[in-house]
Amino acid sequence: MNALDRIRKHPSVAALPARWRPVFIEADCEPDGIAPACTDEGHEDTDGSVYGCCPEPVIEVADPHVAEYLAALLNADRGVGR
């Protein structure tokens, strides 16, 4: 078993949300973070804003390409699309 397989089985990683999205933490024109997908009925799936209804954690990143990559990577690892 490699290191990635071991960490995937850790309870804290197993408890992470199933679907992630790039989000806007600051009022930027490009995503500067990632967060779990919001399941609130009033929050459209394509809206990258973070509201009070959105689940934690919200993780800030320095580069919008990294935000897109991390969300896609987490979703692929969980077997879900964006």
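Summary of computed values
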read-out	value
With Cα atoms, 0 to 90° folded angle of helix 64-78 axis to the chain main axis	50 degrees
Segment 2-19 versus segment 57-82: alpha-carbon centroid distance in Å	15 Å
Rounded FRET efficiency, nearest 0.05, which uses the C-beta distance separating residue 41 from residue 13 and R0 of 35 Å	0.80
Value at 222 nm in deg cm²/dmol, rounded to 500, when DSSP H runs of n ≥ 4 in the chain each add -39,500 (n - 2.57)	-8500 deg cm²/dmol
Linear extension gain, residue 69 paired with residue 27, 0.36 nm per residue minus alpha-carbon span	13.1 nm
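FYI, it's all coordinate maths here, none of it is from the lab. These figures come from a predicted structure and were not determined experimentally. Note: ideal-geometry Cβ built from the backbone for every residue, glycine included; neighbour counts use all protein chains shown.
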